[in-house]
């Protein structure tokens, strides 16, 4: 089998954990396809950070809630960087913070379209391409500590979507292991990203920090280090595993 230059596609990579994972993956020798939905200028800044580390980068607009966009993400990434050897499913949304009884049907549906169906379809695309090219690929799905807390009074539906991602990760890992494809997940705790403002509570970090045994929220780079470690040969015997990076929660 021919050697392939490591190429990782990261969804939701224009900001936060995804952006940090892109720059760390470049440090570790990956060329990086940066998926984003609407923050084009931020995605370009991430691409420049990748290039400063001596790796190639491409930015591709696409919404993982839209199946046609997912196909286009993979097609354009491979056209410009070559066969993809790794995938990080980082795109995720919570919807507005609040009790479940006040959460709309539309919010729940959109959260599952992005967090669950988007992740599943990206995995389907990646595995088909890994097998076509004979690549022992790696997939890292980004989950959440919410799967263990349930997130009452905040976003139970989001917690449920991430629990689905973790169960999917386990089953998929066992199904594709014979093809030397690894599938793992990272479950971050509360992290200092824009997700809190997007959910309607920009001051949430200060509110939740006292609940965390380490007494603070994670920096995006701390979560990204876990993601890129799972992509690396150092994690070559890990599959079907969820790594909790949550400050002790």
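Once both labels are modelled 7 Å past Cα along the beta-carbon direction, what's the residue 178-residue 102 spacing in nm? With each label placed 7 Å out from Cα toward Cβ, I get 5.1 nm. All alpha carbon pair distances within the range 107-187 were sorted into 10 Å bins beginning at 0; the resulting P(r) in whole percents reads 19, 47, 25, 9, 1.
For the peptides 63-73, 223-233, residues were scored by their other Cβ atoms within 10 Å and the scores averaged per peptide; the highest-first order is 223-233, 63-73.
P(r) tail, the chain: Cα-Cα pairs separated by more than 34 Å, 11% of all pairs. Taking 0.36 nm per residue of separation and subtracting the Cα-Cα distance, full extension of the segment from residue 192 to residue 232 would add 11.9 nm.
On a C-alpha basis, how far is the centre of the range 59-105 from the centre of the range 234-249 in Å? Whole number, if you could? If we compute the Cα centre of each part, the gap is 22 Å. What whole-number distance in Å separates the alpha-carbon centres of the range 111-131 and the range 1-57? Using only Cα atoms, the two centres lie 19 Å from each other.
Kirkwood radius for the range 1-118, taken over all pairs of different Cα atoms as the inverse mean of 1/r, rounds to 14.7 Å. With 0.36 nm allotted per residue and the present C-alpha distance subtracted, the residue 207-residue 5 stretch has 68.3 nm of extension available. Peptides 171-177, 157-163 ranked from most to least packed, by the mean per-residue count of other Cβ atoms within 10 Å: 157-163, 171-177. Legend: ranking of residues 131, 182 from fewest to most surrounding C-beta atoms inside 10 Å; resulting order 131, 182. By other beta-carbon atoms within 10 Å, ranking 79, 121 with the fewest at the front produces 79, 121.
Rule-based calculations on the coordinates, nothing more; no lab input. Everything numeric in this text was worked out from a predicted model, so none of it was measured. Glycine gets a Cβ as well: all are built from the backbone with ideal geometry, and neighbour counts include every protein chain shown.
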